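Q: Got a structure here, written out as structure tokens. Questions coming.
What follows draws every value from the coordinates through simple rules; no lab data is involved. The model shown is predicted, which means the values in this text are computed figures rather than measured ones. Neighbour counts are summed over all protein chains in view; Cβ atoms, including those assigned to glycine, are modelled from backbone coordinates with ideal geometry.
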Amino acid sequence: MSDLKERHWHEQCAIAEKIGKAGSFQKYAETLPDILNAVISKQEVCCIDEGTPDGIRFAGSGIYYVITQGTEKGKKGKEAIYAGLEAAAEAVKGSPAEFITSHDECGAAGLVFNEMPDSIKKEFGTSDNLGIYFAKELSKKTGLGYRHIGIKEMARPSGMHTAMFAYYDGTGKFNPDAVPGLPQGFVVSRKYLGKEEALREIELAPKIATGEHGYGGLIKPDKKFWLIAVAEDPWALESLVSELKPVSDSYKGKVKVEGFLVKA
């Protein structure tokens with residue numbers, strides 16, 4: 001493990017230990033003086049990547065729909081891309097988004113790129129180019145602005161993922177980066193995604209964290225990855241926690257689910 005990754009690992013473990021000592025994520029978060037400031041400041045569609053700025057969060061800014069509504073439905077190439085654009089546009093229209101973004105080193109774009117035929121791979125050259133194309137087309141389709149986020153703007157190092165946490169956000173406005181002391185993490189805007197799509201996207205977080213671009217085998221039952229459901233009322237929170245349970249169960253003790261009730 002590189003020195004940089006080791007430093008991030010120890011930082012994440014230290015926060016996880018503080019949460020454990022507090023008794024729950026809820027109790028820990030309530031000790032943070034600025035916890036009410038954990039809201040987005042930008043109405044932008046961003047990726048779920050922990051390094052992207054605050055905003056409305058869909059995997060690859062919606063490109064993951066190319067898989068869930070395209071290739072997995074038997075569509076190929078441009079037909080799959082267009083199906084993904086249609087589905088992403090519907091999700092975006094249900095949100096208050098004003099901009100669509102793409103970003104460097106997008107893992108979701110990489111997954112889509114790998115599903116494409118050689119002709120598409122040759123046309124775009126790289127997965128990032130495909131991600132940029134998709135975001136630009138989505139901005140045209142929705143009539144929203146577009147911008148690209150370079151790696152220097154991102155809150156993680158190039159080539160690695162550093163989060164041990166992911167947030168399943170039922171409020172549509174939760175931003176952990178806005179509050180010192182809250183652990184950085186992946187964010188999926190469950191509020192604007194159907195249950196099936198949201199679960200497919202949140203599943204990417206522990207998959208990345210336990211893979212070669214994350215912490216790999218360091219994630220284990222005594223050093224868990226955390227899935228945090230976020231909601232504004234107890235009934236919604238209970239439902240979101242229940243949705244996440246099958247995801248955590250598939251990791252045999254390596255993934256923990258907790259809830260965070262946002263209080264005004």
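Q: Sequence neighbours fewer than 8 away in the same chain don't count; with that in mind, list the lysines whose C-alpha is under 22 Å from Lys122.
A: Lys122 reaches Lys75, Lys76, Lys78, Lys136.
Q: Additional query: If you line up the long axis of helix 127-142 against the longest principal axis of the chain, both from Cα atoms, how many degrees apart are they, to the nearest 10?
A: Long axis of 127-142 versus the principal axis of the chain: about 80 degrees.
Q: Could you work out how far the C-alpha centroid of region 69-100 sits from that of region 200-251, in angstrom?
A: First find each Cα centre; the distance between them is then 25 Å.
Q: Separate question: Pull out the extension gain between Lys42 and Lys141, defined as 0.36 nm times the separation in residues minus the alpha carbon to alpha carbon distance; nm, one decimal.
A: Working: separation 99, 0.36 × 99 = 35.64 nm, distance 2.02 nm.
Residue separation times 0.36 nm, minus the Cα-Cα distance, leaves 33.6 nm.
Q: Using Cβ contacts closer than 10 Å as the measure, can you line up Ile208, Ile48, Ile120 from fewest to most? If you can, show how the numbers build up before the last one.
A: Details: Ile208 22, Ile48 26, Ile120 17.
Placing the least packed residue first, the sequence is Ile120, Ile208, Ile48.
Q: A follow-up question, please. Can you give the FRET efficiency to the nearest 0.05 for Ser158 and Lys252, using r as the Cβ-Cβ distance and R₀ = 41 Å?
A: Values: r = 31 Å, r/R0 = 0.76.
About 0.85, to the nearest 0.05.
Q: Determine the shape class of region 49-181: with a ≥ b ≥ c the square roots of the Cα gyration tensor eigenvalues, call it rounded for a/c under 1.5, and otherwise prolate if a/b is greater than b/c, oblate otherwise.
A: Working: a/c = 1.79, a/b = 1.38, b/c = 1.29.
Verdict is prolate for region 49-181.
Q: I need Leu138, Leu182, Leu237 ordered by Cβ neighbour count within 10 Å, fewest first. Intermediate results must be reported in sequence, preceding the final value.
A: Working: Leu138 27, Leu182 24, Leu237 19.
Ordered from fewest to most neighbouring Cβ atoms within 10 Å, Leu138, Leu182, Leu237 come out as Leu237, Leu182, Leu138.
Q: With an 8 Å cut-off on Cα pairs and a minimum separation of 6 or more residues, tell me the relative contact order of region 1-92 in percent. The partial results should precede the final answer.
A: Values: 79 pairs, mean separation 13.9, N = 92.
Result for region 1-92 is 15 percent.
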